[in-house]
1. Given the structure, is B:Val84 assigned to a loop (DSSP other than H, G, I, E, B), in contact with a strand residue (DSSP E or B) (Cβ under 6 Å, 6 or more places away or on another chain) and crowded, with 23+ Cβ neighbours inside 10 Å?
2. Condition first: outside any strand (DSSP E or B), of a type in the set (Asp, Glu) and at pLDDT 95 or above. Now tell me which residues in segment A:145-179 satisfy that.
3. Pick from segment A:100-141 the residues that are aliphatic (A, V, I, L, M) and within 13 Å of chain B (Cβ to nearest Cβ): which of them is farthest from B:Gly115 (Cα to Cα)?
4. Can you tell me which residues in segment B:80-102 are in contact (Cβ under 8 Å) with a residue 60 or more places away in the chain and more than 14 Å from chain A (Cβ to nearest Cβ)?
5. What are the residue pairs meeting all of these: first residue in segment A:4-27, first residue farther than 17 Å from B:Val67 by Cβ and more than 10 Å from chain B (Cβ to nearest Cβ), second residue open to solvent by 10 Å² or more (accessible area, probe 1.4 Å) and charged (D, E, K, R), Cβ atoms under 6 Å, and 6 or more apart or on different chains?
6. Residue by residue through segment B:48-79, note down the ones that are at the interface with chain A (Cβ under 8 Å from one of its Cβ atoms) and either of a type in the set (Phe, Trp, Tyr) or under 17 Å from the mean Cα position of the chain (by Cα) (or both).
7. Checking the conditions here, which among A:Val114, A:Val89 is in contact with a Phe, Trp or Tyr (Cβ under 7 Å, 6 or more places away or on another chain) and either open to solvent by 60 Å² or more (accessible area, probe 1.4 Å) or within 18 Å of A:Leu207 (Cα to Cα) (or both)?
8. Restricting attention to helices (runs of 4 or more DSSP H) lying wholly within segment A:32-144, give those where 1 or more residues are free of Cβ contacts under 8 Å to residues at least 24 places away in the same chain.
Amino acid sequence: MNIVLVDYGAGNLHSAHRGLERALTDTGLSGSVTVTSDADTVARADRIVMPGDGAFRDCRQSLDAVPGLVEALTQAVKVKGSPFFGICVGMQLLADIGEEHGETPGLGWLGGHVRHLEPADAGLKVPHMGWNTLRLQRPHPLLDGLRLGEGGLHAYFLHAYHLVADRAEDVIAVADYGGPVTAAVARGTVCGTQFHPEKSQTLGRALFANFLRWTP
Amino acid sequence: MTLKVRVIPCLDVKDGRVVKGVNFVDLADVGDPVEAAKAYDAAGADELCFLDITASHEKRGTLLDIVQRTAENCFMPLTVGGGVRTVEDIRALMLAGADKVSINTAAVRDPAVVGRAAERFGAQAIVVAIDAKGVSKPGEAPRWEIFTHGGRTPTGIDAVEFARTVANLGAGEILLTSMDRDGTKNGFDLGLTRAISDAVSVPVIASGGVGTLDHLVDGVRDGRASAVLAASIFHYGTFTIREAKEHMARAGLPMRLDREDGV
């Protein structure tokens, strides 16, 4: 299995790289993880993981700045059907529009807008920063075997914006923070998490393994 | 489901080695930062903080190497600060593996750098570290001022006002250290912590003065901090991270107590 971790200059790749290598070991699958910005390599990938630390607009600009990358991603995901995992802003980019620092178009693979968090309880601080549990919205192979809910494992969140999906069924898990916060999405061969699996210890480890086992 | 209170050990790093200063003097070398980070990852720390106190800007490469090796070996969030001056400094640390970068003196000199950094990296990645000391006389309403250079240099800037300013500019978190309490083990300056927490809509990390586990509870319950940072009580093994979190949970605070032994 040829896993590509997309390097477009938008944040930390080291933990995700190591996390995916560990997931290969955990699942017993054979394969390798390649960190690359090369469009041809991305187009040939069996699985694609796209991180994203930063502001939505800056990440989109970084993605566009790599020649042929958006086309290669589109080819791999939309035509070839390679499973895609977006992390944090890498997931937000699936939306139609991001609203951080003005409106910026996303990839539009999953309908919705990326909006500022507005917790119903005004006492709650924004950004939503730290460890929260997840509530299942729809069973999905990505979340198989994970202990979710109040007494479940925690995921690490670090964000002030979240993806508000047009279709409720695209949201497979939420966190509660003065109302539901989109935590994980999936549609077809595309999925992603707002939280950081590569920083989420036990839960993240299981999630990466599930992604590699997933056959959408 | 609730967002949990974070317990954050902080490692002071100088020339690539971990040190812990008492009131930022009397430094003692206590080890390899990457090994310490791995130990805290295994112990269930909620985040880790590296504060680089290397005097020379030329030796910054050492820090980037430590951050990268930590990111490769740890699956926990990492904040890095100390000597961060420009957007390019922040970018280098984030690419090396920092999740958040904290700005201190540079933000005091030119608060606009906070706005530029947040525009680029998002508010969630930008922490402003505020070092404050009480400056009001007995009988006056309490007032705190920003100090730089490890608490030696007064700036005349009101700490609460400054916190509001940087939060409005885009800081996603305030790392608040009481220079009166740092190294004393007498507990956080709760008045200061509360004043800043109530003044801003972003999370505040309380720092400076932790000597007991009750101090951690006080920082959240009375200081209204979202997270607590401590160094020596953890580094010298007075308490484990787990003991701290269980104590805080018994006091009624929402804590993450996942065991790292399975799904």
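The values are calculated or read from the model by the stated rules, or taken from the named source; none is laboratory data. Keep in mind the model is a prediction, meaning the values are calculated, not measured. No Cβ is skipped: glycine too gets one built from the backbone with ideal geometry, and neighbour counts run over all protein chains shown. Side chains are part of the model used for accessible areas, which takes the heavy atoms of the whole protein and leaves out ligands, DNA and RNA. Shrake-Rupley method; radii C 1.70, N 1.55, O 1.52, S 1.80 Å.
1. yes
2. Once the filter is applied, which keeps residues that are outside any strand (DSSP E or B), of a type in the set (Asp, Glu) and at pLDDT 95 or above, segment A:145-179 yields A:Asp166, A:Glu169, A:Asp170.
3. Ranking the qualifying residues of segment A:100-141, first place goes to A:Leu136.
4. Scanning segment B:80-102 gives B:Gly81, B:Gly82.
5. A:Thr27/A:Arg213
6. Within segment B:48-79, B:Phe75, B:Met76, B:Pro77 meet the criteria.
7. From the options A:Val114, A:Val89, the qualifying one is A:Val89.
8. Filter on segment A:32-144 gives A:56-65.
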